[in-house]
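S.K.: One structure coming up, written as structure tokens, with questions to follow.
The values are calculated or read from the model by the stated rules, or taken from the named source; none is laboratory data. The structure displayed is predicted, hence computed values, not measured ones. Virtual Cβ from ideal backbone geometry, glycine too; neighbours counted across all protein chains shown.
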Amino acid sequence: MCITKKKNYTMKPIGKYIVITKINEEKKTDSGLILSADDVNAYRYHKAKVVEPGTNVENIKPNDIIFFDKSAGHTMLINNTTYTVITERDVVVVL
């Protein structure tokens with residue numbers, strides 16, 4: 001019987017790249033209406049949690065909550081988890 005171990009990768013982005021996970025949250029208007037996914041996608045900026053900042057990224061730390069340009073980045077699948085890689089200049093707000 002052969003048992004294979006699943007390899008877990010550690011991520012270390014290089015330079016000004018940042019690895020994030022997108023946060024999907026329900027959006028409500030001031031009057032209490034819940035917006036559809038299409039309406040939410042109309043917003044230019046999306047919310048995310050920083051998994052790991054790159055080696056040359058300043059002022060952004062792991063677990064920071066950020067807003068970034070929705071058209072930025074590339075998506076990748078590592079250990080069955082979806083991550084997005086963006087650059088530091090794509091971040092507009094750090095909460």
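S.K.: Conditions: (1) surrounded by 10 or more Cβ atoms within 10 Å (Cβ to Cβ); (2) modelled with pLDDT of 95 or more. Y43 meets all but one. Number of the miss?
M.R.: Condition (2) is where Y43 drops out.
S.K.: Also, I was wondering about something else. Restricting to the range 75-90, name every residue that is in contact (Cβ under 8 Å) with a residue 12 or more places away in the chain and under 10 Å from the mean Cα position of the chain (by Cα).
M.R.: T82, Y83, T84, V85, I86
S.K.: Let me ask another. How about the range 46-63: which of its residues are buried (at least 16 other Cβ atoms within 10 Å of the Cβ), charged (D, E, K, R) and within 18 Å of G15 (Cα to Cα)?
M.R.: E52
S.K.: With the requirement that a residue be in contact with a helix residue (DSSP H, G or I) (Cβ under 8 Å, 6 or more places away or on another chain) and free of Cβ contacts under 8 Å to residues at least 12 places away in the same chain, what does the range 24-57 give you?
M.R.: none
S.K.: What number of residues in the range 5-40 are basic (K, R) and modelled with pLDDT of 80 or more?
M.R.: 3
S.K.: Could you count how many residues in the range 50-82 are within 16 Å of Y17 (Cβ to Cβ), in a strand (DSSP E or B) and in contact with a strand residue (DSSP E or B) (Cβ under 7 Å, 6 or more places away or on another chain)? Step through it out loud before you land on a result.
M.R.: Taking the range 50-82 first, the residues within 16 Å of Y17 (Cβ to Cβ) are 50-62, 64, 66, 68-69, 72-76, 78.
Applying the additional criterion that residues be in a strand (DSSP E or B) yields 50-53, 66, 68-69, 74-76, 78.
Narrowing further to those that are in contact with a strand residue (DSSP E or B) (Cβ under 7 Å, 6 or more places away or on another chain): 50-53, 66, 68-69, 74-76.
The number of residues fulfilling the criteria is 10.
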